[in-house]
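Below: the structure, in structure tokens.
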Amino acid sequence: MNNLHTPQATLETSNQTKSVEQAREICYLIGVDGGGTGTRVVLADESGTELARGAGGPSGLVHGRQKAWDSILVAIRQAFQDTNLAMPELSAIAIGCGLAGVNNVQWAAEFIALNPGFALLQAETDAYTTLLGAHLGQPGVVIALGTGSVGEVLQADGQRREVGGWGFPVSDEASGAWLGLHAVNHLQRTLDGRALANPFSAAVLAHCGGNKDAVFAWLASANQTRYAELAPIVIRCATEVDVARNIMLAAGREVQAMAHALDASGQLPIALCGGLAAVMAHYLPLELQQRAQKPQGDSASGALILIQHYLQKI
């Protein structure tokens, strides 16, 4: 039995030794926030002091694993250019990546296999690096509100858990797409005569084509992104029209439900992030308003923390 385990133990020791040797040669650290619309990187020296930032095209893994690396490298080159530093060999860089699509095991394995030469690589979901950045690596809760929505918690014992994120339309509560879906539902009711028309329904109708036939055509091709385009109408009308305000308040309650599911004790700090975070803060139940805070750092900063934590372990 012991002999069967010896080769595995030897291999693990060998890998650990190799990692330590690589860590000694590292001159720079990179944190990557990679999504479906763009890539943002933070460049730091070996101590973790931020030097510059860079940006590139999409690096969400759904767009292709090699394309993700291409976008990341563009962003890294830009960061070095902004510092007037010569970009070293990739073997002198350790990189942490928070990427959309990493939860697909096959995509993640393909991405890691295509490592173009970085000394050390750690890849995680962008939700997790957002969490690390929001609380600077400390325990806490983050709820991301954008086109979609998702919540994640890092507990004091290091355990992680996620809620939401099941995808639109069955999930993504309190997201831009969710707001848009409720806006169109209200419009349908006014067109049917089941609800009274108002400036809110009129604005949604105008966006969707101006008449019932146009609304049917709009619905036939609507996806998550198109529904999210209606969110600004809901937000704008919420200050004047009760129906729109009630949608925003319902979204606030959905955020509260996510927060409770992640931290029923109510002891951990909660950060809201994403494009809807600032406006949604005004519609949260009072107890959650008092707990919610702005994130201390972004996903790229969280990815930098990710690789720093790994270096501390080897």
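The values are calculated or read from the model by the stated rules, or taken from the named source; none is laboratory data. Quick caveat: nothing in here was measured; it's all calculated off a predicted structure. Heads up, the Cβs are rebuilt from the backbone with ideal geometry, glycines too, and the neighbour counts pull from every protein chain shown.
Per-structure values
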item	result
Some residue of the range 70-77 being farther than 28 Å from residue 314 by Cα, among the polar types (S, T, N, Q) and surrounded by 22 or more Cβ atoms within 10 Å (Cβ to Cβ)	yes
Qualifying position, being surrounded by 17 or more Cβ atoms within 10 Å (Cβ to Cβ), out of contact with any Leu (no Cβ under 6 Å at 6 or more places or on another chain) and at pLDDT below 95, among 102, 32	102
Unique match (being in contact with a Gly (Cβ under 9 Å, 6 or more places away or on another chain), closer than 20 Å to residue 284 by Cβ and assigned by TED's automatic domain parsing to the domain that holds residue 273) among 234, 243	234
Matching option when the condition is free of Cβ contacts under 8 Å to residues at least 60 places away in the same chain and small (Gly, Ala, Ser), among 228, 183, 214	214
Complete set of residues in the range 114-151 that are among the small types (Gly, Ala, Ser) and in contact (Cβ under 8 Å) with a residue 40 or more places away in the chain	119, 133, 134, 137, 140, 144, 146, 148, 149, 151
Helices (runs of 4 or more DSSP H) enclosed by the range 217-314 - at least 3 residues per element that are touching a helix residue (DSSP H, G or I) at 6+ places or on another chain (Cβ under 9 Å)	224-228, 231-237, 242-262, 286-291, 299-313
Breaking point among (1) under 30 Å from residue 294 (Cβ atoms); (2) touching a helix residue (DSSP H, G or I) at 6+ places or on another chain (Cβ under 7 Å), for residue 111	(1)
